[in-house]
Ligand code: HT7
Ligand code: ZN
C-alpha cells in the first residue's frame, strides 16, 4: 500500500480535454470504448502518459488511430511514446459489472446498471487520468437491451435515441461542462420518473426528474419538493442558479453512502430518497430534505468549482454541509426550530467527530496523508469542515460571507482549487474584517487535528463594576502532531444577571454607547483577557453561543449558574447545553466515583420545569430531556468503562422516568397530533415529545410503575397512521425489553415484509436496543441468520452490524470479548465483499486505547487478528494499522 502525501502534489503531465465514451452494457461483460483528446501540460516536465485502471480487461490502445506499445504496472497503464502535440487516444476494455460487489465503478443492482465514481471508481470503468484536476467534456453513448433497461441516462443533455437490432437501443448524452471523472455517471435500468418543470428567478425553464423503480413513484414527492426548495434557496441566498436544462435524481438500493452529486445525474441510496408517512419517520423526512439539498448544492460547491486533489475534500464537503445546514435552518422558519436544527448538528458533531479527533484516525480538516482516500470521507472533513466554514461566516457576517462566496466563484468557476483559495476569497472580499486580519492563524483550522480546549474564567470587581473574562486555549497532541499553535476561536457570548436579565456588553476602551447584549470575541492567542465595564452585579456568562466554534468549553460554571442559563438564556443552544451539562455532571460523578447514581431533587425539578414549561417548543423539550449520548460521555473520561457509563445512563433514565411519571403522562396526552401528517417542525416536535414520553412511561412500567403503558404502546403500534408514531411505540417496548416486545416485532415485520427500508429499521431497532443481561447481543447474533439478512446490501449490513458495533456501546463492549470477536469476523467477511463498508466498520475500534481493562486488551487482540489477515483491502489495513500504531 502506498502512502500518498499532500506535499507531493504535482500537476498532471497531460490534460484530457474531451472524452467520447461508448458502453455496450451487459451484466457479465460490458465493453467500453473511450476516445480522448489529450494535450501535454506545458507547465510540468515531460514524462510518460500514466493512466489509472483497476479490475479491467484491456483490449486495445490506439494513438491517432495507430496501435502503440504500452506497459501495465500495478494499477497503471503506461505509454512512453506519445506525440508532443495534441493527440487522440483510443482505449477499448471490458469490465464485469455483476461481479462488482464493492459498488465502486460500474455495478449492477436490482437488475439495472449504476455507477459510483467518487473518489476513484472511474478507473474501474476504463483507463483514465482519474484525478479531480483533470477536467474533460464528456459525450456518452449507451447501448443496452431495451426491455431490461428501458432508461439509459448519463450526465448533461440527451442528444439522440435510437432503436438497434437484437432488441437493443441507444442513447447519446453530452455534458457541456468540463468535469473531473469522479462526477461521471450512467444509469441503465427499468425506472419511472416523477417530473416537474420549473421556471427559476432568472426566467429559465428546467426539467427536474426523480427516477425510481415502478412501485416507488409515490414515495418521491418529498424528494421532488426538497429539490425544488433547494433550487429556490440557492438562488435566493447565494445567487447560484441551476445551470442545466435537465436535472436528474436516481434511486438505487445498493449504495455505499447516502448519495452522489454526479453532474446533472445525482444518484441516491433509496434510504436517502424515498419517503412516505407510512414508511418514513420525521427524522427520515428531515434527513432526505437535507441530503437532496446537499447533493444539489454540490452543483456549485464541488462541481462548478472542484477540488485540485483529494486532500482538499473539505473544500467541497465542509462547505456543502454548511450550506445544507443553513438551508435546513432557513426551512425550519421559526427561531426555535432553527435552534433545534443547530442542536441536532452539534450533537452529531460531538458524537462522531470529537471521538474521531481524539482517536487513532485523528486528522486535520485538510489531511496531510492517506493510503485509501475512501477512509477520509469523515466527520472531520464533513462536519468539522462545516464548522470551519461557519466560523468564516461568524467572523465576516452573513453578508460578508455571501460576498466572499461570489468572489470565490468569480475567481474559480470551472477550476480545480484548494482550501487556501477559498480562504483567500472570503478574506479578500472582507478587507479589515476579523478574518482577513488573522487569516494565517485562521488557516490552522485546516492543518491542526484535535479539538481545542477553551477555558474561560470570569472575575467580577464589585468596586470597579468590571467583569474580566480570561479566555485561554490548548489543543491536545494527536498522532503525528504535537506542539499545536493557537487557533482563531470566535466566542459568541452574552452576560446574564443572576435573575436572568441580559446585560449590555461594553468593553473597556469602547464608548459607552454600545448596548448590544450579544457579541463575538475573537481569541487568537494562547490567552487573552477581555474587560467588560459598567457591570451592575456578578454576571452569569453564556459563552460559545450557538456553538460558535468546534471546541470543548470549560467555563467552570456550577449548578446554580447552569440553572440560570437553563431558565433564562436567550440563546436556545446554550439553554439546551445547560440541560446537558447538568445531566453530564451527574452521570460523570457516578462513573468516576463508582457509586450508584441518584438524581437529586434540584435536577429533577429543573427537568420537570422544562417539560411543563408553557412556552418552550416541544422539539426543544425533547432534546433537553434526552440524556447525552454515551459516546459523548465516554469522551469526557480518560479511561472508559463502557458498562459503567451505560449503567449510569440507564439509572438516570429510569429515575427520570419514575420521578416524572405524572409529567410524562401529561406530556403524552397533551401533545398528540390530530391533523393530517406533515413532517413540519411543529408536528414533528410534538411527536418527538410524545414518543420520548411514551418510552419513559413504558420503561417505568417495566420497573414496577403504572403497568398500563406497554399495552397502550402495543395498541399504538396497531393504530398508528404514520411510521414515526409506530416506530416510536415499538422502540419503547423493545428498549425496555417489555414482554410485548417480541409479538410487536413479529407483527411489524409481517406488516412491512417487502418494504426493504422498513425492514432495515426493524433490524436497526433490535441492534440498537438498550442492552439488558446480554439479550441484545444474543438477538443480533440470531438475526444474522435471518432470511432477510445479507451482508451484500450495505443498508442491511449497516442496519444490524453497525447498529450494534457503532451505536450500542453497552451491547458491544462485553467483558467476555464476544462483541470484539463478532466485530473482527464481520470486518473480514465484509472486506471480501465491499472494502469501503468494511473500512467503516473497522473504525469502531478507533478509540480502543481509551478503554479500561478488560476491554482494552481484548479489543487489541481483535484488531491484531484482523491486521494479521494477509490479503486485507487498503481500506481496512489503513484503519487497523493506524489503530495499532
Ligand atoms: N460526494 C459524495 C461522497 C462519496 C460517495 C458517495 C457514494 C458512494 C461512495 C462515495 N464516496 C464518496 C457524497 C457527498 O458527500 O455528497
Ligand atoms: Zn457532499
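Worth a mention:
- In segment 291-303, the qualifying residues are those that are within 11 Å of ligand 2 (Cβ to nearest atom) and assigned to a helix (DSSP H, G or I), and the one that is surrounded by the fewest Cβ atoms within 10 Å (Cβ to Cβ) is 291.
- Of all residues in segment 193-224 being part of a helix (DSSP H, G or I) and touching a helix residue (DSSP H, G or I) at 6+ places or on another chain (Cβ under 8 Å), the one that is farthest from residue 263 (Cα to Cα): 216
- Count of segment 166-192 residues, restricted to those that are buried (at least 23 other Cβ atoms within 10 Å of the Cβ) and outside any strand (DSSP E or B), is 7.
The rows are residues; the columns are (1) within 16 Å of ligand 2 (Cβ to nearest atom); (2) closer than 20 Å to residue 640 by Cβ; (3) over 25 Å from the mean Cα position of the chain (by Cα).
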residue: 765; (1), (2), (3): no, no, no
residue: 784; (1), (2), (3): no, no, yes
residue: 793; (1), (2), (3): no, no, no
residue: 806; (1), (2), (3): no, yes, no
residue: 836; (1), (2), (3): yes, no, no
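- Remark: residue 500 matches the filter, which requires a residue to be assigned to a loop (DSSP other than H, G, I, E, B), touching a helix residue (DSSP H, G or I) at 6+ places or on another chain (Cβ under 8 Å) and surrounded by fewer than 16 Cβ atoms within 10 Å (Cβ to Cβ).
- Residues being more than 26 Å from the chain's Cα centre (by Cα) and free of Cβ contacts under 8 Å to residues at least 24 places away in the same chain - total across segment 393-413: 4
- Residues within segment 523-547 that are surrounded by 17 or more Cβ atoms within 10 Å (Cβ to Cβ), outside any strand (DSSP E or B) and in contact with a strand residue (DSSP E or B) (Cβ under 8 Å, 6 or more places away or on another chain), tallied: 6
- Scanning segment 432-476 for residues that are modelled with pLDDT under 95 and in contact with a helix residue (DSSP H, G or I) (Cβ under 7 Å, 6 or more places away or on another chain) yields a count of 0.
- The set of residues in segment 79-96 being within 40 Å of the chain's Cα centre (by Cα) and under 16 Å from residue 36 (Cβ atoms) consists of 89, 90, 91, 92, 93.
- Only one of the listed residues (729, 778, 746) is in a helix (DSSP H, G or I), at pLDDT 95 or above, crowded, with 20+ Cβ neighbours inside 10 Å and not assigned by TED's automatic domain parsing to the domain that holds residue 251. That residue is 729.
- The number of residues in segment 565-602 being without any contact (Cβ under 8 Å) to a residue 40 or more places away in the chain and in a helix (DSSP H, G or I) comes to 9.
- Those helices (runs of 4 or more DSSP H) of segment 826-885 in which at least 3 residues are closer than 19 Å to residue 797 by Cβ, considering only elements entirely within it, cover 835-842, 874-884.
- So residue 306, is it crowded, with 22+ Cβ neighbours inside 10 Å, within 16 Å of ligand 1 (Cβ to nearest atom) and either under 13 Å from the mean Cα position of the chain (by Cα) or in contact (Cβ under 8 Å) with a residue 60 or more places away in the chain (or both): yes
- Strands (runs of 3 or more DSSP E) lying entirely in segment 1-111 (those with 3 or more residues that are closer than 28 Å to residue 267 by Cα): 14-24, 30-40, 87-95, 105-109
- Of the strands (runs of 3 or more DSSP E) lying entirely inside segment 120-165, those carrying at least 1 residues that are touching a strand residue (DSSP E or B) at 6+ places or on another chain (Cβ under 6 Å), in contact (Cβ under 8 Å) with a residue 12 or more places away in the chain and buried (at least 23 other Cβ atoms within 10 Å of the Cβ) are 136-145, 151-154.
- Residue satisfying condition, being over 13 Å from the mean Cα position of the chain (by Cα) and within 11 Å of ligand 1 (Cβ to nearest atom), within set 295, 261, 289, 326: 261
- Test: residue in segment 267-282 that is in the same structural domain as residue 217 (by TED's automatic domain parsing), part of a helix (DSSP H, G or I) and more than 15 Å from ligand 1 (Cβ to nearest atom): yes
- Considering 313, 227, the condition of being surrounded by 24 or more Cβ atoms within 10 Å (Cβ to Cβ) and within 13 Å of ligand 1 (Cβ to nearest atom) is satisfied by 313 alone.
- Selection of segment 702-726 for residues being over 24 Å from residue 673 (Cα atoms) and either buried (at least 19 other Cβ atoms within 10 Å of the Cβ) or in contact with a strand residue (DSSP E or B) (Cβ under 8 Å, 6 or more places away or on another chain) (or both) yields only 702.
- Residues of segment 787-825 classified as without any contact (Cβ under 8 Å) to a residue 12 or more places away in the chain and assigned to a loop (DSSP other than H, G, I, E, B), total: 3
- Residue 550, sole failed condition from (1) in a loop (DSSP other than H, G, I, E, B); (2) more than 24 Å from the chain's Cα centre (by Cα): (2)
- Meets criteria (at pLDDT 95 or above, outside the structural domain of residue 118 (by TED's automatic domain parsing) and at positive phi) for residue 397: yes
- Only one entry of 318, 258, 359 meets the criterion of being surrounded by 24 or more Cβ atoms within 10 Å (Cβ to Cβ) and either more than 15 Å from ligand 2 (Cβ to nearest atom) or in contact (Cβ under 8 Å) with a residue 24 or more places away in the chain (or both), and that entry is 318.
The values are calculated or read from the model by the stated rules, or taken from the named source; none is laboratory data. Predicted model only: the values in this text are computed from it and were never measured. All Cβ positions, glycine included, derive from the backbone under ideal geometry; neighbour counts span all protein chains shown.
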